[in-house]
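The values are calculated or read from the model by the stated rules, or taken from the named source; none is laboratory data. Keep in mind the model is a prediction, meaning the values are calculated, not measured. As a convention, Cβ positions derive from the backbone with ideal geometry for all residues, glycine included, and neighbour counts pool all protein chains shown. What goes into the accessible areas is simple: the full protein's heavy atoms, side chains included, and nothing from ligands, DNA or RNA. Shrake-Rupley method; radii C 1.70, N 1.55, O 1.52, S 1.80 Å.
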Amino acid sequence: MTLTVPCLFGLESLVADEMRRLDLKNVRAENGRVHCEGTLADIARLNINLRCGARVLMELGSFPARDFEALFQGVYALRWEDYIPRDGEFPVKGYSLNSQLHSVPACQSIVKKASAKRLGEKYGVETLPESGSRYQIQFSIIKDVATLYLDTSGEGLYKRGYRAKNMGAPLRETLAAALVTLSRYRGKDPFCDPFCGSGTIPIEAALIAKNRAPGLDRSFAAQKWKNMDSKLWLEAGDEAMDKEFHGHYDIWGGDIDPAAVELARHNAELAGVEDCIRFEVADAGKFHRDSEYGQLVTNPPYGERLLEKKEAEDLYRMFGAALRDLPPKWRVLVLSSHTEFERCFGRPADKKRKLYNGMIKCDAFMYGR
């Protein structure tokens, strides 16, 4: 079957690399999503192991849909009964881009009616109870081609289960993992985040250093599906745990707010990596390290609101001045949406990569080899 993993724009190549490392076949990336061929066992493996993908969708079919009749007939022709049992709950959501059928609520209604009609006929009932497990239907209509999926993940993959609450504007775990991956951190060098907030970047760095699968401590929608043997999830979990590393890591997170540092420690405990990370109350403007090598990955405040913009610029100036004393072999990656970041920081990036933090367009500014 075809499996599709949506992701934040800019992360497609990282997700494709993750899927190839899991030995999935025919991996191909396009804007905002990555496809591969896989089995029911691979649904469990992807959900448990993916660090940067948003969710895992199982593709049921694709067909031209220039009008509502074509959409209805295309959906009705799919073998919903192979996946959704008589009591299954099957809500519908989706989106449409550059297509004749542009009203999403109208398309949702058609997809629901067509799938309900087919299931009702197959199970010999006029009204389906929808009292059982959830089989979330998703559709995309792009350039008049409709594709129908079942969402195997349930809650987004960024919900690892370790962040009970966050400080202000949170960085999604999937994006934090992507930043650590882009920094090429693998657990050997010192790793620092001087604006750690609730600790997401250092925690994702620790999970990467230990090669611990991020989905081991949570559940997924497809675990309750009747056509997915629970043995597949146990085997995927065992396979992931067998690949874990056990070592000593030098990972540090600092923040000027004591409440943030306390929360970061709590989140690290929930993630099971508290033994790998030191969190301290510290001023990023006074950041200093003597070690010859290291990686610094951070997501400082952006100053999105007008009054905060100047504060953010002053912060970048202080931070940039502090980092001038870092030994030359350190690599630095800073995520910011501020258009004047490089000017305030005091030097142009060696490399930049466009990313999105939710709906905010950002750049990853990279310094060093």
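Going through (1) buried (at least 16 other Cβ atoms within 10 Å of the Cβ); (2) touching a residue at least 60 places away in the same chain (Cβ under 8 Å); (3) within 20 Å of the chain's Cα centre (by Cα) one by one, F319 falls short only on (3). Every listed requirement among (1) out of contact with any Cys (no Cβ under 6 Å at 6 or more places or on another chain); (2) in contact (Cβ under 8 Å) with a residue 24 or more places away in the chain is met by E269 save one, (2). Residues in the stretch 233-256 that are out of contact with any Asp or Glu (no Cβ under 9 Å at 6 or more places or on another chain) and farther than 30 Å from H288 by Cβ: W233, L234, E235, G237, D238, E239, A240, M241, D242, K243, E244, H246. Identify all residues within the stretch 88-129 that are open to solvent by less than 70 Å² (accessible area, probe 1.4 Å) and among the acidic types (D, E); write none if there are none. Of everything in the stretch 88-129, just one residue is open to solvent by less than 70 Å² (accessible area, probe 1.4 Å) and among the acidic types (D, E), namely E89. Once the stretch 23-51 is narrowed to residues that are assigned to a loop (DSSP other than H, G, I, E, B), under 22 Å from R172 (Cβ atoms) and touching a strand residue (DSSP E or B) at 6+ places or on another chain (Cβ under 9 Å), the residue that is modelled with the lowest pLDDT is G32.
Once the stretch 83-118 is narrowed to residues that are assigned to a helix (DSSP H, G or I) and of a type in the set (A, V, I, L, M, F, W, C), the residue that is farthest from D144 (Cα to Cα) is A116. In the set (1) free of Cβ contacts under 8 Å to residues at least 12 places away in the same chain; (2) touching an Asp or Glu at 6+ places or on another chain (Cβ under 8 Å), F90 fails one condition alone, (1). Among the residues of the stretch 180-231, just one is of a type in the set (D, E), within 20 Å of S153 (Cβ to Cβ) and surrounded by 22 or more Cβ atoms within 10 Å (Cβ to Cβ), namely E204. When the stretch 70-82 is filtered for residues that are among the hydrophobic types (A, V, I, L, M, F, W, C), assigned to a helix (DSSP H, G or I) and open to solvent by 30 Å² or more (accessible area, probe 1.4 Å), the ones remaining, listed by number, are A70, F72. In the stretch 260-287, the qualifying residues are those that are assigned to a strand (DSSP E or B) and of a type in the set (V, I, T), and the one that is most open to solvent (accessible area, probe 1.4 Å) is V281.
So which residues in the stretch 8-22 are of a type outside the set (D, E, K, R) and modelled with pLDDT of 95 or more? Working first, answer last.
Within the stretch 8-22, the subset of a type outside the set (D, E, K, R) is 8-11, 13-16, 19, 22.
The answer is L11, S13, L14, V15, A16, M19, L22.
A residue that is buried (at least 22 other Cβ atoms within 10 Å of the Cβ), part of a loop (DSSP other than H, G, I, E, B), aliphatic (A, V, I, L, M) and on the phi < 0 side of the Ramachandran plot can be found somewhere in the stretch 153-164.
Sort through G10, G38, G53 and tell me the only one that's on the phi > 0 side of the Ramachandran plot and out of contact with any Ser or Thr (no Cβ under 6 Å at 6 or more places or on another chain). Unique residue meeting the criteria: G10. Number of residues in the stretch 288-316 that are part of a helix (DSSP H, G or I) and open to solvent by 20 Å² or more (accessible area, probe 1.4 Å): the value is 9.
Screening L335 on (1) more than 15 Å from V180 (Cα to Cα); (2) touching a residue at least 24 places away in the same chain (Cβ under 8 Å); (3) hydrophobic (A, V, I, L, M, F, W, C) shows it passes everything except condition (1).
Residues H288, H338: which one is within 25 Å of C7 (Cα to Cα), more than 20 Å from the chain's Cα centre (by Cα) and of a type outside the set (D, E)? Steps first, answer last, please.
On the way: H288 fails: within 25 Å of C7 (Cα to Cα).
That would be H338, the only listed residue that is within 25 Å of C7 (Cα to Cα), more than 20 Å from the chain's Cα centre (by Cα) and of a type outside the set (D, E).
Can you pull out the residues in the stretch 192-246 that are outside any helix (DSSP H, G or I) and among the hydroxyl-bearing types (S, T, Y)?
Step one: list which residues in the stretch 192-246 are outside any helix (DSSP H, G or I), which gives 192-199, 210-220, 225-229, 243-246.
Of everything in the stretch 192-246, those that are outside any helix (DSSP H, G or I) and among the hydroxyl-bearing types (S, T, Y) turn out to be S198, S219.
Taking (1) at pLDDT 95 or above; (2) under 22 Å from the mean Cα position of the chain (by Cα); (3) surrounded by fewer than 13 Cβ atoms within 10 Å (Cβ to Cβ) in turn, E244 satisfies each apart from (1). The residues of the stretch 105-135 that are β-branched (V, I, T) and closer than 26 Å to F220 by Cα amount to a single one, V111. Scan the stretch 323-338 and give yes if some residue there is surrounded by fewer than 20 Cβ atoms within 10 Å (Cβ to Cβ), out of contact with any Pro (no Cβ under 6 Å at 6 or more places or on another chain) and of a type in the set (F, W, Y), otherwise no. No, because not a single residue in the stretch 323-338 is surrounded by fewer than 20 Cβ atoms within 10 Å (Cβ to Cβ), out of contact with any Pro (no Cβ under 6 Å at 6 or more places or on another chain) and of a type in the set (F, W, Y). When the residues of the stretch 131-150 are filtered to those that are under 24 Å from the mean Cα position of the chain (by Cα) and hydrophobic (A, V, I, L, M, F, W, C), which remaining residue is surrounded by the most Cβ atoms within 10 Å (Cβ to Cβ)? Taking the candidates together, the pick is L148.
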